[in-house]
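What follows is a single structure, written as structure tokens, with notes after it.
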Amino acid sequence: MKILVTGKGGREHAILTALRESAPDATLFAYPGSDAIADIATRVEAKDLLDLIAFMQRENIDLCVAGEESYLVKDRGLANLCAEVGIPCWGPFKEAAQLEASKAFAKYFLQRHHIPTAAFSVAHTKHEALRGITKYPVVLKFDGLAAGKGVAVCQDEASAIEFLDEVFTKRSFGEGDLIVEECLAGPEVSIFVSVCDDQYHILMPARDYKRIGDGDEGPNTGGMGAVASRQLVDEAFLAGVAENIVKPTVEGLIKDGLPYRGFLYFGLMLTPSGPQVLEYNCRFGDPEAEAVLPMVRGDFVSYLFHAANGELKPDLIHFAEGWSICVILASAGYPVSSRNGDVISGLENANGSRVFHCGTKRGDQGFETNGGRVLAVVAQGVTREEARFKAYESAEVITFEGRQRRTDIAKLHFE
Ligand code: AMP
Ligand code: GLY
């Protein structure tokens, strides 16, 4: 079996590791991959998606797995191009991937299919946005892909105006509209679902920690850590989410003529009036994937292969008991900036944990930082405390100049 995964970060390193462990004989490719990923998969160079598709045809790739979201909506869309040449792709067509790429598209979808979500309006100008704000706090969201940075929870008019200037005056995120959204409160949980046409399979739930600092302080990041366990939510809660959120979403996709095969990520907020959808992502979460995927048991390769071919077989995999925790080590300056070239030491001493590379490259003195989020240190345990202890014990021995990490992953929101 020949499998190609698109992307280059910690999530893709975790996906490829899970594929490798599930099928030691599989031939794995990564586009574009990274120096660390090159240890388990062959890196592919391609000048664009068409070039990549041509490579996959030449190599007789059996399965393409979409890691990163950007390729799903680029050019004619990764899955669309795969379909044109008959390569099974685990990842949705460009039309359905608008659920992630456009927050307005997602909000109208949620509204149309009566799926619980915060009240909202869509603004095309700063003036319209200000008119749409009826009270504070309010949530303002840029309507496009912004690497987790296009959302602001504004406590007052001054901070709202500041964000509106970023969006409409400076165009910091590019051209696009803005969603004005009611501010909800409550803990968050990420639910990952394999969707295959009208079938679905709910995977292990997780929680990520988006802010840079302990106590959820400071600006949003791509994610500073994650915790995953079946025990994160109870069975009754999950049954409610399946009935009121996942099922109507899958049915909505069919009704809207948006056939979907791939992971679908539901970002939920657990409000006093029940879970509400904050966002959809058309892929696995990052850093949740780094926590969840080491818990996968069974034939993950066959599972994805069959699902990409239209047959979802939940029995092919199951998830380990216990807890899995991911601590992100980030580079100096993140998330405002990031610093490359700081030499990483201690990687060989992270015993008992897995280390996935989010942003590193190989230099003269071994791996060095190459991006904002650098490494994901992941450990499992029977209890949350055990997993936490192991992950942090390993995280502490890996050092580089300016290293940043949170100390409350899998602790905050539990105690
Ligand atoms: P999103 O990219 O839409 O998931 O938003 C990123 C983060 O902003 C979420 O994970 C929440 O922490 C926060 N957020 C988004 N929407 C809301 C909302 N309606 N109320 C409160 N917080 C929100
Ligand atoms: N963990 C947030 C994301 O993957 O978007």
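Bear in mind that the values in this text are calculations on the coordinates, not laboratory data. Model, not experiment: these values are computed from the prediction. FYI the Cβ positions are ideal-geometry reconstructions off the backbone, even for glycines, and counts take in every protein chain you see.
Using the basic label-point model (7 angstrom from Cα toward the beta carbon), what is the Asp256 to Arg131 distance in nanometres? Label-label distance for Asp256 and Arg131, simple model: 2.6 nm. Of the residues Asn281, Asn349, Asn370, the one that moves most in a GNM of the chain with alpha-carbon contacts below 10 Å is Asn349.
Charged side chains reduced to their Cβ positions (Lys and Arg at +1, Asp and Glu at -1) give segment 262-393 a dipole of some 160 debye around its Cα centre. Counting Lys and Arg as +1 and Asp and Glu as -1 over every other residue whose Cβ lies under 12 Å from the Cβ of Glu251, the net charge comes to -1. If the segment from Val382 to Asp364 were pulled out straight at 0.36 nm per residue, it would be longer than the present Cα-Cα gap by 2.6 nm.
Computed from point charges on the beta carbon alone (+1 for Lys and Arg, -1 for Asp and Glu), the dipole magnitude for segment 177-255 about its Cα centre is near 220 Debye.
Among residues other than Ile179 with Cβ under 11 Å from its Cβ, the summed charge is -2 (Lys and Arg +1, Asp and Glu -1). The Leu50 and Lys170 beta-carbon pair, evaluated with R₀ = 25 Å, returns a calculated FRET efficiency of approximately 0.15.
Whole-Hz Karplus values for segment 264-271 come out as 10, 10, 9, x, 10, 10, 8, 8 Hz, taken residue by residue from phi with 6.51 cos²θ - 1.76 cosθ + 1.60 and θ = phi - 60°; glycine and proline positions read x. In terms of the Cα gyration tensor, with a ≥ b ≥ c the square roots of its eigenvalues, is segment 1-61 rounded because a/c is under 1.5, prolate because a/b exceeds b/c, or oblate? Judged from the Cα gyration tensor, segment 1-61 comes out oblate (a/c at least 1.5, b/c at or above a/b).
Ranking of Met1, Met56 by neighbouring Cβ atoms within 10 Å, starting from the fewest: Met1, Met56.
Measuring from a point 7 Å past the Cα of Asp156 along Cα-to-C-beta, which residues in segment 99-137 have an amide N at less than 14 Å? Residues passing the 14 Å test: 136-137.
From the helices alone, meaning DSSP H stretches of at least four residues, give me the mean residue ellipticity at 222 nm for the chain, per-run term -39500 (n - 2.57), in deg cm²/dmol to the nearest 500.
-7000 deg cm²/dmol
Arranged from fewest to most other beta-carbon atoms within 10 Å of their beta carbon, Glu166, Glu243 become Glu243, Glu166. In segment 168-184, whose amide N lies under 16 Å from the spot 7 Å out along Cα-to-Cβ of Ser70? List them in ranges. Correct set: 173-175.
Exposure proxy shown here: for Tyr303, Tyr260, the number of other Cβ atoms within 10 Å sets the order, fewest to most, as Tyr303, Tyr260. By the gyration tensor of its Cα atoms, with a ≥ b ≥ c the square roots of the eigenvalues, what is the shape of segment 249-325: rounded for a/c under 1.5, prolate for a/b over b/c, or oblate? Oblate is the answer for segment 249-325, as a/c is 1.5 or above yet b/c matches or exceeds a/b. Between the listed residues Ala18, Phe163, Leu304, the Cα displaced farthest toward the positive end of the dipole of the chain, a dipole computed from Cβ unit charges relative to the Cα centre, is found at Phe163. In the chain, the alpha-carbon atoms span a convex hull of 139 Å³ per residue.
In whole Å, what is the distance between the alpha-carbon centres of segment 242-274 and segment 336-351? So the separation of the two Cα centres works out to 38 Å. Summing Lys and Arg as +1 and Asp and Glu as -1 over all other residues whose Cβ lies under 13 Å from the Cβ of Ala391 gives a net charge of +1. Could you calculate the FRET efficiency of Ala38 with Val85 from 1/(1 + (r/R0)^6), where r is the beta carbon distance between them and R0 is 45 Å, rounded to 0.05? Efficiency, from the Cβ-Cβ distance: 0.95. Is the C-alpha gyration tensor of segment 187-241 telling us rounded, prolate or oblate? Criteria: a/c under 1.5 is rounded; beyond that, a/b larger than b/c is prolate, otherwise oblate. Cα axes put segment 187-241 in the prolate bin. Of all the options Phe237, Phe163, Phe263, the one that moves most in a Gaussian network model of the chain with Cα springs shorter than 10 angstrom is Phe237. Taken along the Cα-to-beta-carbon direction at a fixed 7 Å, the label points for Glu396 and Met1 span 4.0 nm.
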